[in-house]
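S.K.: Have a look at the structure that comes next, please.
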Amino acid sequence: MEKIIGLIDAPFTPMLPNGDVNYDIIPAYAAMLAKNGLKGVFINGSSGEGYMLTTEERMKLAEAWIKAVPAGFKVIVHVGSCCLRDSVKLAAHAAALGAWGIGSMAPPFPKIGRIEELVKYCEAIAGAAPELPFYYYHIPVFNGCYLPMVDLLKAVDGRIPNFAGIKYTFENMYEYNQCRLYKDGKYDMLHGQDETYLPSLAQGGAQGGICGTTNYNGREQVAIGEAWAAGDLAKAQELQNFSQDVINVICHYRGNIVGGKRIMKFLGLDMGPNRVPFRNMTDEEEAAMKAELEAINFFERCNRI
């Protein structure tokens, strides 16, 4: 099964001022991401407020992205839901559209507490699109599923034929590396924490990753991997430190989903508001965040339209 090389973006869901999904902006959005070095998108995930969308909206977003992306640009569709039947429907729909792959995090309710429960959940979804790579999205801070991921790999091995790997968005670099080493790298371990991309490269993994800050800082995040591959450790370190500077700013404004989404407006692609219960930024907060970004020279280094 193909392993992803390069960085995949986790896009925001563009919305109109009234909260409806803005599908019309997606072609320009896709073109901007490709221009700045991204290799694909992982849509309808946490950055995309996927659990805040209706099933119909998620299906229409998949249709819009697959229609908009340039040749060779991967579209992975997050299909996780608290309703397994909806997940199965979304997975089959993604396959019918010609998506490159699918993925799912564990549902936030009910919380999954045993490996076998998680395997059955993944098995049902992956089985609805058996021809597509399936990635488990490990983000326990969102859903409370703190199960050991090496145990998950052992449990799915030989049981879910299209299980491709894990999008690993957690702080445990030791566990991440152990997953990467499982059976000499059998599974694709996509690094999911933008702030520790360089350490994961130093461990020998993370040939691919899925990032949220690449929406607006993709050029610099992509350059971390390029500098590492070129043997320029000092440059890679500077780039990773800048990535953390950007993350420090968005953490002052409710993180990537809220603050990061508003940054897109500064770049010329207004993604609109977040859905309730997210607390949207005020105009005063927007001005303050822009000043903080200017102080780290963000606008000289950020993505270009």
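None of the figures in this text is laboratory data; all of them are computed from the coordinates on show. The shown structure was predicted, so the numbers you read here are calculated from the model rather than taken from an experiment. Reconstructed Cβ throughout: ideal geometry from the backbone, glycine too, with neighbour counts over all protein chains shown.
S.K.: Can you confirm whether Ala295 is under 25 Å from Pro199 (Cβ atoms), of a type in the set (A, V, I, L, M, F, W, C) and surrounded by fewer than 14 Cβ atoms within 10 Å (Cβ to Cβ)?
M.R.: For Ala295, the condition - under 25 Å from Pro199 (Cβ atoms), of a type in the set (A, V, I, L, M, F, W, C) and surrounded by fewer than 14 Cβ atoms within 10 Å (Cβ to Cβ) - is not met.
S.K.: Hey, another quick one. Can you tell me which residues in region 275-304 are of a type in the set (D, E, K, R) and outside any helix (DSSP H, G or I)?
M.R.: Scanning region 275-304 gives Arg275, Arg279, Arg301, Arg304.
S.K.: Just the residues that are touching an Asp or Glu at 6+ places or on another chain (Cβ under 6 Å) and more than 27 Å from Val21 (Cβ to Cβ), please, taken from region 274-305.
M.R.: The initial filter retains those residues of region 274-305 that are touching an Asp or Glu at 6+ places or on another chain (Cβ under 6 Å), namely 275, 296, 301.
Matches in region 274-305: Ile296, Arg301.
S.K.: Within region 1-16, which residues are more than 17 Å from Ile166 (Cα to Cα), aliphatic (A, V, I, L, M) and part of a loop (DSSP other than H, G, I, E, B)?
M.R.: The answer is Leu16, and nothing else.
S.K.: Something else about it: Which of the residues that make up region 192-215 are among the hydrophobic types (A, V, I, L, M, F, W, C), in a helix (DSSP H, G or I) and either touching a helix residue (DSSP H, G or I) at 6+ places or on another chain (Cβ under 6 Å) or buried (at least 19 other Cβ atoms within 10 Å of the Cβ) (or both)?
M.R.: Leu198, Leu201
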